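Below is one structure, written out as structure tokens; the observations come after it.
The values are calculated or read from the model by the stated rules, or taken from the named source; none is laboratory data. Not measured: the values here are computed from a predicted model. Please note: Cβ atoms are built from the backbone with ideal geometry, for glycine as well, and neighbour counts cover all protein chains shown.
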Amino acid sequence: MVETRSKTSSPQQVRIKRGLRAAQRHLTDGNEVEALAIYRKILLVEADQEEATAQAVLVLARQGRFDTARKVLERSIQAGNQDAGAYVSVAELHLRSSTGDWGAFLAVLPMLPTVQPAHLLRGAWLYRQQGCLKECLDMLHAAERLAPTDQAVLMELAGVYQEIHHDQRAITYWQRVIDQDARSPLGQAAAEDLLELKPHIPRRIQSSSLFALREVAGVALVFFLLAMLDAGGSVTAMALTGWLGVGLSILGGYLLVTATSSPGQRIFAPFLVQPVAELPSTDSRDAYLPDMTAAEQLAVLPGDWRIVLGVVGLVLVVIAGVLVVPHSLLVTHETMQTLQQGDVPFYVQDWLAEVMEVWEASP
Amino acid sequence: MYPLPVADTTRLRYRTIPWATLTLIMINVVVWVYTQIQLEAVPDLAEVYGGLSAQQVTHIIFGAVPYAVQEQQGVGAFSAITSTFLHAPGYLLFLPFSWHLFGNMVFLFAFGRRLEDACGPVRFLLFYVLAGLIASTASLLIRGQEPIGRLMPGIGASGAIAGVMGAFLILFPGTRITTVPLIGIIPLPVRIKLPALVLLGWWLAQQIVPAIQTLRGDEFYTTDFVAHLAGFFAGLLIFLFVRKDVLYRYMTGAKL
């Protein structure tokens with residue numbers, strides 16, 4: 001485009017400059033119509049005149065004439081205007097009026113010689129608004145190449161990576177923002193975001209039965225130790241009911257964990273699962289999912305079933321509790337009754353007698 | 001000089017108020033105050049039971065006494081849990097004050113807050129109970145073999161708190177803990193930040209030799225070092241209770 005652009009002669013340049021000054025005066029006086037007329041004349045002589053284009057577009061946009069503004073910009077670009085801001089503005093105006101191929105204007109943005117990180121940031125923002133997160137990231141990386149220490153660019157990259165649940169990359173970029181200047185507003189915001197990050201875990205982990213079972217193992221261990229102590233501190237002395245209780249605690253615990261864990265938790269009974277629209281795999285799509293939040297909110301296990309499973313699980317855990325500590329429940333009941341009567345359990349006297357015996361026997 | 005850990009000032013990721021930790025501290029304090037009132041208010045029992053105070057009787061019934069567990073008396077298996085809420089009496093400037101309770105609760109607050117954040121309050125409570133249970137069980141089984149040890153009540157939350165410390169060391173070894181240096185019981189007016197690895201490593205090192213001596217029957221300590229050590233290693237079980245994403249990040253080597 002540079003080679004084909006028409007060159008204006010020097011007297012013309014002088015007239016254009018004079019015209020620009022006159023238009024500026026009109027704008028200062030609030031006479032937008034006069035100013036626009038001058039800009040129009042200038043653009044007829046030199047269609048890619050950057051200042052006239054930019055000012056005309058501003059005035060037109062202020063007047064709500066977005067289509068006209070866009071046409072002015074497009075004509076200017078066709079005539080060889082390589083102002084990156086013009087490209088971004090055209091794309092924005094296209095998006096506003098839902099016309100034309102806005103993406104084409106943004107796609108060439110990184111290749112323009114006049115491009116600045118701010119233009120690329122604006123372009124990336126437009127992509128992000130449209131849910132085109134891959135293109136958004138490409139544009140931000142272009143901005144990063146242009147200005148590797150620009151906090152705004154790094155911050156935006158962190159934000160997009162967080163949005164697509166690439167937590168580790170988001171953390172890296174926030175850290176880079178902080179490394180540039182921790183005391184700047186963006187540095188402080190990055191530190192805040194870094195601490196506030198609630199990382200996303202892939203669906204395969206989210207729904208892993210193994211992950212649920214580890215919590216169940218914790219519950220079962222509590223029951224096992226109680227059962228062993230109830231049997232006088234010996235595993236071999238544990239009654240069959242004790243082992244049954246430990247087994248029930250595993251089943252009940254699993255139901256409870258399933259009922260109370262995240263909606264994506266896979267359960268042992270697939271027939272209970274509510275059919276939902278198949279979600280694209282987070283991993284295979286590299287997480288470029290603009291509507292991830294909605295996807296996460298899908299209840300795989302219906303709420304009613306959750307309540308049923310929770311209640312059944314709780315009942316099983318209570319039964320397991322009774323089965324693992326039958327002796328302890330009994331003696332505790334007796335002890336509490338004795339204490340409520342203001343007395344002390346009889347065995348304390350036996351204990352005391354044994355203490356005295358040991359005391360006397362000790363050298 | 002002893003560095004008393006008072007706070008882990010790292011920002012929390014999920015919750016701002018550690019409800020479970022604060023509830024545990026509150027329960028421990030309330031139970032101690034209750035047993036203290038018992039000590040003061042019911043002196044008659046002291047005469048009836050051969051010089052035992054009502055508080056001592058409470059410790060025998062609800063503390064972890066191997067004799068009671070073996071004989072299936074008192075509160076049986078529950079004593080392994082109830083004992084973690086009992087603390088020794090004490091005085092400071094003629095006023096009732098338990099250094100045992102104070103020390104334990106300070107450690108619990110310093111290390112429990114962030115661990116609760118990594119687990120969620122319910123799972124943290126479950127972990128705390130399990131760590132306490134493991135510490136008490138180990139202590140009950142070991143002391144159950146000795147003629148004197150089997151009659152002694154084991155009390156205190158230190159086994160469960162050792163579990164919290166062990167878990168903290170596993171998950172957040174690099175975290176810097178604010179400590180107050182103590183000379184005897186007098187705190188110095190300075191704050192020193194020490195990495196958890198150094199602080200807890202040092203604490204662990206202090207427990208090992210006495211615990212081995214206790215296990216070999218060479219020495220008799222009033223402090224239950226075996227329970228501390230068992231509780232500390234029960235900290236490994238934290239992986240059964242941490243949030244899925246915390247576990248996922250730990251497994252993938254990401255920042256916790």
State whether the residues of segment B:115-129 include one that is touching a Pro at 6+ places or on another chain (Cβ under 6 Å), surrounded by 24 or more Cβ atoms within 10 Å (Cβ to Cβ) and away from every other protein chain (no Cβ under 12 Å). yes
Of all residues in segment B:139-148, count the ones that are surrounded by 22 or more Cβ atoms within 10 Å (Cβ to Cβ) and within 10 Å of chain A (Cβ to nearest Cβ). 1
What's the number of the condition A:Thr114 fails, among (1) buried (at least 20 other Cβ atoms within 10 Å of the Cβ); (2) not in a helix (DSSP H, G or I)? (1)
Confirm whether A:Glu46 is out of contact with any Leu (no Cβ under 7 Å at 6 or more places or on another chain) and buried (at least 19 other Cβ atoms within 10 Å of the Cβ). yes
I'd like the full set of residues that are under 13 Å from A:Ala86 (Cα atoms) and assigned to a helix (DSSP H, G or I), limited to segment A:35-52. A:Glu50, A:Glu51, A:Ala52
Take the residues in segment B:83-107 that are crowded, with 17+ Cβ neighbours inside 10 Å and more than 12 Å from the chain's Cα centre (by Cα), then tell me which one is farthest from the other protein chains (Cβ to nearest Cβ). B:Ser98
The condition of being within 22 Å of A:Ala227 (Cα to Cα) and either in contact (Cβ under 8 Å) with a residue 12 or more places away in the chain or surrounded by 20 or more Cβ atoms within 10 Å (Cβ to Cβ) (or both) holds, among A:Leu309, A:Leu329, A:Leu323, only for A:Leu323
With the first residue restricted to segment B:228-241 and required to be more than 14 Å from B:Ile142 (Cβ to Cβ) and at the interface with chain A (Cβ under 9 Å from one of its Cβ atoms), and the second required to be assigned to a helix (DSSP H, G or I) and of a type outside the set (Asp, Glu), Cβ contacts under 6 Å at 6 or more apart or on different chains are B:Leu240/A:Arg214; B:Leu240/A:Ala217; B:Leu240/A:Gly218; B:Phe241/A:Gly218; B:Phe241/B:Cys119; B:Phe241/B:Arg123; B:Phe241/B:Phe127
Selected residue (only one of B:Leu101, B:Leu141 is at pLDDT 90 or above and within 18 Å of B:Ala88 (Cα to Cα)): B:Leu101
Residues that are modelled with pLDDT of 85 or more, outside any helix (DSSP H, G or I) and of a type outside the set (Gly, Ala, Ser), drawn from segment A:169-211: A:Asp181, A:Arg183
Just one listed residue, out of B:Leu12, B:Leu22, is surrounded by fewer than 17 Cβ atoms within 10 Å (Cβ to Cβ) and at pLDDT below 70, and it is B:Leu12
Test for A:Thr28: is it closer than 30 Å to A:Glu135 by Cβ and at pLDDT 80 or above: no
Within segment A:34-46, tally of residues that are aliphatic (A, V, I, L, M) and either touching a residue at least 40 places away in the same chain (Cβ under 8 Å) or under 14 Å from A:Val90 (Cβ atoms) (or both): 0
Of the candidates B:Ala135, B:Ala162, the one satisfying the condition of being out of contact with any strand residue (DSSP E or B) (no Cβ under 8 Å at 6 or more places or on another chain), of a type in the set (A, V, I, L, M, F, W, C), buried (at least 24 other Cβ atoms within 10 Å of the Cβ) and within 14 Å of chain A (Cβ to nearest Cβ) is B:Ala135
Exception for B:Leu199 within (1) of a type outside the set (D, E, K, R); (2) more than 30 Å from A:Leu194 (Cβ to Cβ); (3) away from chain A (no Cβ under 14 Å) falls at (2)
Checking A:Glu74 against (1) loosely packed, with under 15 Cβ neighbours inside 10 Å; (2) without any contact (Cβ under 8 Å) to a residue 24 or more places away in the chain, only one condition comes out false. Which one? (1)
Residue check, B:Tyr67 in contact with a Phe, Trp or Tyr (Cβ under 7 Å, 6 or more places away or on another chain), farther than 25 Å from B:Ala167 by Cβ, among the hydroxyl-bearing types (Ser, Thr, Tyr) and modelled with pLDDT of 85 or more: yes
In this structure, does B:Thr175 turn out to be more than 30 Å from B:Gln72 (Cβ to Cβ), touching a helix residue (DSSP H, G or I) at 6+ places or on another chain (Cβ under 8 Å) and of a type in the set (S, T, N, Q)? yes
Note on segment A:320-348: residues within 7 Å of another protein chain (Cβ to nearest Cβ) and assigned to a helix (DSSP H, G or I) are A:His327, A:Ser328, A:Val331, A:Thr332, A:Thr335, A:Tyr347, A:Val348
Looking for something without any contact (Cβ under 8 Å) to a residue 24 or more places away in the chain, over 16 Å from B:Val30 (Cα atoms) and in a helix (DSSP H, G or I) - is there at least one such residue anywhere in segment B:83-101? no
Go over the candidates B:Ile61, B:Ile142 one by one and state the one that is assigned to a helix (DSSP H, G or I) and free of Cβ contacts under 8 Å to residues at least 24 places away in the same chain. B:Ile61
In segment A:53-96, how many residues are more than 26 Å from A:His26 (Cα to Cα) and in a helix (DSSP H, G or I)? 9
Out of A:His165, A:His119, which single residue is within 14 Å of chain B (Cβ to nearest Cβ) and touching a helix residue (DSSP H, G or I) at 6+ places or on another chain (Cβ under 8 Å)? A:His165
Six or more apart or on different chains, Cβ atoms under 7 Å: show the pairs whose first residue is in segment A:84-96 and closer than 12 Å to A:Thr114 by Cα and whose second is part of a helix (DSSP H, G or I) and among the aromatic types (Phe, Trp, Tyr). A:Tyr87/A:Phe105
